[in-house]
Structures are given as C-alpha cells and as structure tokens.
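Structure, as structure tokens:
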Amino acid sequence: MRPAVYMRRIACCFCRQGDEHLLEGAAPSAPFLKRRRRQRAALQLGLREMKQNRLQFRGLFVTGTDTGVGKTWVAAGLLAALRRRGIDAVPMKPVQTGCTGRAGSLRAPDLETSLRAAGLTPTADERALMTPYTFRPACSPHLAASLSGVEIDVPAMIQGFGRLRASHECVIVEGAGGVLVPLTSSFLMIDLIRALNLPVLLVSRAGVGAINHTLLSVRELNRAGLGIIGVVLNQSEPAPWGVVEEDNARMIELLGRVRVLARMPFIREVNAMEPQEFFSIVSRALPKAGELVSCFETPLAEAPVRRPE
C-alpha cells in the first residue's frame with residue numbers, strides 16, 4: 001500500500017457530518033462516541049502500517065490553495081520541528097519563480113527561508129537538487145520557463161528528489177502556487193505530487209474565500225487519489241482571528257471531510273527574524289506537528305489523537 005494511502009486512511013478519520021456539536025460546545029452523542037472509537041482504531045492501524053513501511057514514507061508535500069498563502073512559513077516550520085527532533089530532514093522547492101540575483105546564480109527565497117529556519121548550509125550540488133529550477137519572472141512556472149528560454153525537465157526534477165530522499169531521512173517538498181499550476185503545457189503541480197508519491201499538507205488563507213478555495217483544492221487532490229494529512233489556515237493579513245475565520249475552519253472540516261490541523265498567525269517577514277524567534281512562533285502555532293512525524297519516531301501507543309482547538 002502506498003504511503004499516500006496510509007495518510008488518507010489517517011486523514012479520513014476525523015471529521016464527518018454530525019460532528020458539528022463538538023464545535024458548538026454540546027456534549028457528544030452516543031453514536032458519535034462509537035464512531036470516534038472506530039476512527040481511533042483506524043488511525044492506529046494507519047500509523048502501524050506506516051511504521052512498518054517507514055522506509056517508504058520519506059517526505060511530505062506542502063501545497064496551497066493559491067500563491068502567497070503561507071506555504072513557505074509552514075514548510076519551514078515543519079522542517080525546523082523535524083530537525084529539532086533529530087530527524088535528518090531537508091527541504092526541496094522544485095521550481096521557484098520571482099527569484100533575485102544575477103543570471104546563473106539566482107537564489108530561491110522560499111528555499112533560503114527553510115534553510116535558515118532549520119540551520120542548514122547545503123553544498124552547492126545539494127542546493128541544486130533542492131531547487132533545480134529558478135526563474136526571475138514572477139509568474140506561473142511554465143511561463144517563467146518559456147520567458148527564460150528554458151524547458152522544465154520533469155523526469156530530472158523527480159530524479160533529483162530521489163537523490164535527496166536516498167541521502168536523507170525525510171524531504172519536505174514545497175510546491176509553487178496551487179495544485180493545478182502548470183509546470184509545462186502538459187504537466188501540472190498535482191501531477192508532480194502524484195509522481196513523487198507523497199502525502200499532502202494543504203495551506204490556505206484563513207479569511208474570506210478560504211472555504212471555496214480550500215474545498216476546490218481538496219476535491220482535486222481527492223480526485224487524483226492523493227492522501228491529505230490536513231489543512232493549515234494561515235492569517236495572511238494582520239487581522240484578528242474572528243467569527244469568519246472560525247466558521248471557515250468549521251465548514252472546511254464539515255464539507256471537505258478533512259482535518260484543520262492548525263492556524264498560523266500573521267508573520268510579516270520571516271527573514272528578518274532570528275531562527276529561534278521564528279521557531280518559537282511556529283511551534284506554538286503548529287502544536288500538532290508531532291502528529292505529522294510520529295510515524296518516524298513515536299511508539300504506536302504514544303501517537304497523539306487530537307481535534308483542532
């Protein structure tokens with residue numbers, strides 16, 4: 001069974017229609033408690049299968065509902081959390097547009113954020129594997145490549161991931177834009193996720209529009225047969241978490257049958273922070289990050305089962 005199937009089994013264990021009383025503060029009903037016992041058993045089974053096949057589960061794909069929704073903050077935070085747990089995790093940003101620097105030495109800002117947060121200084125060869133394609137134009141990868149006179153070699157990109165995976169315990173891959181962003185005229189980001197055979201963490205804005213954008217992305221990921229670990233809602237604007245954001249989280253869980261794992265606070269500029277300051281914010285915002293990596297290190301009996309707060 002593929003790792004994505006294990007994670008789908010885990011991801012489908014949490015929210016079902018009829019759970020809304022939990023969010024409204026009412027006491028759980030007997031049918032709910034019975035269903036929850038079955039769900040916990042399924043979760044434990046999923047974790048057991050993953051632990052038995054841990055050499056196959058070697059990474060995570062962080063994608064988003066759009067560009068600029070906070071994928072980089074989440075990917076960097078999870079990478080730092082893994083490294084602090086003693087797991088040899090490395091980042092990968094297969095394609096980065098909107099890069100700065102001179103031709104031939106463009107740096108990927110998203111990758112640099114993850115490397116800085118995790119305290120990593122890879123060699124030049126390994127950095128090339130982590131970001132095989134960097135483009136100056138700030139647009140969709142297929143257009144940025146065309147404007148730069150470059151053709152994206154998808155098989156080479158996948159081979160680069162394989163080399164990173166062979167050398168490290170875990171690879172956190174961050175996509176570009178949303179799940180249907182084209183890498184070429186015939187290959188989408190969702191096709192890359194499927195080719196890498198990784199479970200998915202979906203990042204969305206927390207405010208107005210989150211329900212529609214998130215449910216559309218969840219539908220496409222489900223249609224592709226990909227396992228969704230859950231959703232992280234990111235406060236992409238300096239506004240308080242209010243009734244709109246709270247209802248968005250509730251409806252995404254209810255209608256999407258996917259778990260909202262956490263919410264990220266608004267972060268103005270990660271690169272202006274010290275890594276310790278950034279990790280302090282992220283560790284509070286993503287308290288359930290351990291659930292995403294428990295299959296690497298936690299005995300089955302200790303694997304936490306929590307609902308979003």
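Readers should treat all values here as calculations from the given coordinates under stated rules, not as data from a laboratory. Everything numeric here is computed off the predicted structure, so don't read it as measured data. Heads up, the Cβs are rebuilt from the backbone with ideal geometry, glycines too, and the neighbour counts pull from every protein chain shown.
For the range 94-220, the normalised intensity computed at q = 0.16, 0.18, 0.23 Å⁻¹ comes to -0.87, -1.10, -1.55 (log10 of I(q)/I(0), Debye sum over alpha carbons, equal scatterers, no solvent).
All other residues whose Cβ lies under 14 angstrom from that of GLY64 are scored, Lys and Arg at +1 and Asp and Glu at -1, for a net of -1. For the range 224-241, putting each phi into the Karplus relation 6.51 cos²θ - 1.76 cosθ + 1.60 with θ = phi - 60° gives couplings of 7, x, 9, x, 9, 5, x, 10, 10, 9, 10, 7, 7, 10, x, 10, x, 6 Hz, in residue order, rounded to whole numbers and with x for Gly and Pro. Provide the net charge surrounding MET157, with neighbours chosen by a C-beta distance below 14 Å and charges set as Lys +1, Arg +1, Asp -1, Glu -1. Counting the neighbours of MET157, the net charge comes to 0.
For the range 143-252, the set of GluC sites (Glu not before Pro) satisfying both a DSSP loop assignment and a count of at most 11 other C-beta atoms within 10 Å is given as GLU151. Taken about its Cα centre, the range 146-196 carries a charge dipole of roughly 100 debye when the Cβ of each Lys and Arg holds +1 and the Cβ of each Asp and Glu holds -1. Working note: Karplus 6.51/-1.76/1.60 with θ = phi - 60° gives the range 154-166 the couplings 4, x, 5, 4, 5, 5, x, 4, x, 5, 5, 5, 6 Hz, where Gly and Pro are set to x.
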